[in-house]
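These notes are about the structure you will find just below.
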Amino acid sequence: MATWSAPGKLFLFGEHAVVYGKSGIAMAIRPRIFVTVRKGGRMSEMKSPYLKECFRRMNVKGSIYVRSQLSSSSGLGSSAAITVATLSAINDEFGLSKSREEIAQIAFEIEKKVQKGLASPTDTYVSTFGGLILITQDMKRRLNPRNLPLVVGNTGVSHNTARMVEGVGEMMKQYPQIAGPIMDAIHEVVMSALHSLNDHRKLGYLMDLNHALLDALGVGHPALTRLVMAARAAGAFGAKMTGAGGGGCMVAICPPRLKNRVTGAITACDAQAFVTGIDTEGARKEKNG
Ligand code: PMV
């Protein structure tokens, strides 16, 4: 029996623009998804296409038990985390000796297949390696990890990443002179953030700008804006939607002493909220209980 876990992720800056070759910054976060795999026994009935595909790709049969602390379809990378944790547990239980790089690559291929071609390697990479990652086209650079004081709010409105990416694609086709400069501006926000990672106030300002630019791309949602406004009013340095938008989650960066106040302001809007921080471990072997 082998138990592995993998963390969720947040896009701090640059979602959607990364689809057009611009840069983005993503971070692995607490909480995680835990997966136990056991060889032999009866093959588990698997409803999740991600799990089915993990066993098919690794060419093994076994039983599986999943425990998730991450809500699905909210932009926190739960499908990547479950795929990475499952592949890592299979790899360990069946002694397949795949490297982390190989696990990240197979996890990406599985996400791409299940999501019908619409997946970037960001989520699976961040979940496998943990930490803070700069994404530029096909390159990923690991940045020095920093623990940013973050609060995540979940609107509870489930979003569809593929639909949001398609919507932005439509805008890029119909209004290239408008959408193109918005993408360029997001790229500049990312570049400024990259040079201000130790200045939380500046990061907050840049998050506010990034949120406005994502709204201009048409991926906003009234529930997201409500939570973003509530977080700012409660004293956050700044806040933005995170991930594909159209629902899902937002993130706020706040003075550490105000984290609870910001969490309270978000939950007062009938949303879920939690304080989070960086996960630097990525996929991790757990003690079998
Ligand atoms: O919904 P999420 O968290 O998987 O975010 C998608 C981020 C996009 O930039 C919109 C798409 C992508 O694959 O990078």
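The values are calculated or read from the model by the stated rules, or taken from the named source; none is laboratory data. Just so you know, these numbers come straight off a predicted model, no measurement behind them. Glycine also receives a Cβ, built like all others from the backbone with ideal geometry; neighbour counts cover every protein chain displayed. Ligands, DNA and RNA are excluded from the accessible area calculation, which covers all protein heavy atoms including side chains. Shrake-Rupley method; radii C 1.70, N 1.55, O 1.52, S 1.80 Å.
Miscellaneous remarks
- Selection from the stretch 240-262 of residues that are open to solvent by less than 30 Å² (accessible area, probe 1.4 Å) and away from the ligand (no atom under 16 Å from the Cβ): A252, I253, C254, P255, L258, V262
- Boolean, I106 is surrounded by fewer than 24 Cβ atoms within 10 Å (Cβ to Cβ), within 16 Å of R56 (Cβ to Cβ) and away from the ligand (no atom under 16 Å from the Cβ): yes
- Scanning the stretch 58-84 for residues that are within 18 Å of E111 (Cβ to Cβ) and either of a type in the set (K, R) or out of contact with any helix residue (DSSP H, G or I) (no Cβ under 8 Å at 6 or more places or on another chain) (or both) returns S73, S74, L76, S78.
- When residues in the stretch 114-132 are screened for being away from the ligand (no atom under 12 Å from the Cβ) and either open to solvent by 60 Å² or more (accessible area, probe 1.4 Å) or among the aliphatic types (A, V, I, L, M) (or both), 3 of them pass.
- Within the stretch 263-289, considering residues that are in a loop (DSSP other than H, G, I, E, B) and over 21 Å from the mean Cα position of the chain (by Cα), the one surrounded by the fewest Cβ atoms within 10 Å (Cβ to Cβ): K287
- Within the stretch 186-233, tally of residues that are at positive phi and assigned to a helix (DSSP H, G or I): 0
- Any hit, the stretch 194-208, residues being under 26 Å from F274 (Cβ atoms), open to solvent by 40 Å² or more (accessible area, probe 1.4 Å) and of a type in the set (S, T, Y): yes
Conditions (1) open to solvent by less than 20 Å² (accessible area, probe 1.4 Å); (2) farther than 27 Å from V165 by Cβ; (3) within 16 Å of the ligand (Cβ to nearest atom); (4) modelled with pLDDT of 95 or more, marked per residue:
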| residue | (1), (2), (3), (4) |
| --- | --- |
| I33 | yes, no, yes, yes |
| S71 | no, no, yes, no |
| D92 | no, yes, no, yes |
| S99 | no, yes, no, yes |
| K112 | no, no, yes, no |
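- Any hit, the stretch 153-161, residues being within 19 Å of T83 (Cα to Cα), without any contact (Cβ under 8 Å) to a residue 40 or more places away in the chain and either among the small types (G, A, S) or part of a helix (DSSP H, G or I) (or both): no
- Residues satisfying the stated conditions in the stretch 93-143, i.e. under 14 Å from I82 (Cβ atoms), touching a Leu at 6+ places or on another chain (Cβ under 7 Å) and of a type outside the set (G, A, S): I103, I106
- From the list L87, L76, the lone residue that is within 16 Å of the ligand (Cβ to nearest atom), open to solvent by less than 50 Å² (accessible area, probe 1.4 Å) and within 21 Å of the chain's Cα centre (by Cα) is L76.
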